[in-house]
1. Per residue, how big is the convex hull around the C-alpha atoms of the chain? Give it to me in cubic angstrom, could you?
2. Please compute the per residue accessible area over the chain with all protein chains in place, 1.4 Å probe, rounded to a whole number of Å².
3. From the helices alone, meaning DSSP H stretches of at least four residues, give me the mean residue ellipticity at 222 nm for the chain, per-run term -39500 (n - 2.57), in deg cm²/dmol to the nearest 500.
4. Counting other Cβ atoms within 10 Å, which GluC sites (Glu not before Pro) in region 1-44 have at most 12 and lie in a DSSP loop?
5. Where does region 98-153 land on Rg/Rh, using Cα atoms and the Kirkwood Rh?
6. Translational diffusion coefficient, Stokes-Einstein: compute it for region 22-70 using the Kirkwood radius over C-alpha pairs as Rh, at 37 °C and 0.692 mPa s, and state it as an integer in µm² s⁻¹.
7. I'd like the carbon and sulfur percentage of the solvent accessible area for region 1-89, probe radius 1.4 Å, heavy atoms only, ligands and nucleic acids excluded.
Amino acid sequence: MTERVGETFSGLRLEGAEVSGTLFEDCLFTDCRVQGLALRGCRFTGCHFEGCRVGGLQLDNVQAMGNSFEDCALLGLDWSALVDPRKQDLGFLPFDSLARCTLHHCVFYHLDLRKFSFAGCDLAGSFFEDCKLSGADFSDCLLRDAAFSHNDLSGADFRSATEYSFSIEGNQMKGARFSMPEAINLLYGLGLRIEER
């Protein structure tokens with residue numbers, strides 16, 4: 001495996017290329033644009049991504065752990081596929097922070113995201129299933145068409161989040177916090193008809 005440790009990648013443009021057998025450790029990626037990249041047998045550990053746009057990745061035996069993302073657009077990623085299955089139940093995550101990121105149509109499956117902060121992220125169209133999200137912070141998030149299924153959302157903070165309309169059935173919701181007027185959207189998921197007078 002090729003090792004790239006502590007390197008800086010700035011303004012990188014990759015479309016439809018392939019990277020294989022590479023370890024990226026403690027690297028800095030700034031203003032990179034990656035589309036349709038095939039990653040095979042790669043690992044990303046402790047890297048920081050800033051102002052990057054990533055979409056359409058093809059992943060084969062790729063692992064990520066402890067990376068941070070700031071002001072990035074990360075589109076259509078299955079974050080759970082980036083965690084070594086042997087470490088998933090131990091709470092390891094592919095990311096340590098997601099600050100002000102656009103995370104459209106991402107998949108979060110069976111991840112331990114207790115007290116994780118998604119604050120200020122755009123999670124439109126993303127899917128959370130079987131995740132531990134107790135105490136998670138979704139404040140100031142855009143949640144248009146985001147779906148939550150069979151999660152522990154107890155104590156999660158959705159105050160000042162916008163455009164959510166997910167079903168609260170099937171999720172543990174005790175102590176979750178919402179704010180008006182957005183909270184009224186939760187009633188639609190229960191099949192209720194709400195009419196103005």
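1. Working: hull volume 22.1 nm³, N = 197.
Cα-based convex hull of the chain, divided per residue, equals 112 Å³.
2. For the chain, the solvent-accessible area averages 51 Å² per residue.
3. On the way: 2 runs with 8 residues, N = 197.
Value at 222 nm, helices only, nearest 500: -500 deg cm²/dmol.
4. Answer by residue number: there is no such site.
5. That ratio equals 0.92.
6. Numbers: Rh = 11.1 Å.
After rounding, the answer is 297 µm²/s.
7. About 44 percent, which is the carbon plus sulfur part of the accessible surface.
The values are calculated or read from the model by the stated rules, or taken from the named source; none is laboratory data. Note that this is a predicted model, so its numbers are computed, not measured. Glycine gets a Cβ as well: all are built from the backbone with ideal geometry, and neighbour counts include every protein chain shown. Note: areas computed on protein heavy atoms with side chains; ligands, DNA, RNA excluded. Shrake-Rupley method; radii C 1.70, N 1.55, O 1.52, S 1.80 Å.
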